[in-house]
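All of the numbers you see were taken from the coordinates with simple rules; none came from a lab. Here the structure is a predicted model, which means the values were calculated and not measured. Neighbour counts run over all protein chains shown; Cβ positions are idealised from the backbone, glycine included.
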Amino acid sequence: MFGWRGIGANGKPDGAFGPRLPGTHKSSLASIVAMRHLVVWLCVLPAFGQPAGCPEQTSSALLQEVRQLRQTLERSALLTPRITILLQRIYTQQSEVSSLRNQLEMTRESMTRMAQPDLLLPPPEVNLPPDQRKLIEENIKQQKAQMERELQAQRLKETELAAKLHTEEGRLQEWNDRLETLERMLGEPGKP
């Protein structure tokens, strides 16, 4: 166990540190010895952990480190909800920008189709009565005028959508910049 065991004068084995005392058990002696070792280690170990003569420096360094850790946790606790809200806004803004881009693209495609009308007069060799030919020409003029008005409306819509898209992209960029600022603040030690 904890010591050398030998054979006593009576020819019987001795206890851990000599002959056993009457009424003592092996386990109680072992616990007493273990307690003595524990007390010695508790007294000696603190001296090994610190340089001699600077317990104030060690405790002040630990205190400063705890303060920095507390500041970091406080900053994290303050910034995390802001970042979460900002991320949701960015997601919503990206959806808005994407929707505007799609609308603008569809408007431009519509304008391209309108600029190439499929309206044709029947070839002159087709014999149509003059009244019917005049009616077809008048109908084509009305359709062209209608298409021109629609094309003008589409151009106006395109201009409005392009301006709104530019504004929303600017807002999205602003929120991305804010997010980067918050991320930097989260990563920098010592700044609130």
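Note on Glu65 and Arg184: with the Förster distance fixed at 25 Å, the Cβ-Cβ geometry gives a FRET efficiency of about 0.65. For the pair Glu109 and Ala77, label points projected 7 Å from Cα toward Cβ lie 5.3 nm apart. Our estimate of slack between Arg149 and Lys164, defined as 0.36 nm per intervening residue step minus the Cα-Cα distance, is 3.1 nm. Between Ser99 and Ile85, the modelled labels are 2.2 nm apart [label points 7 Å from Cα along Cα→Cβ].
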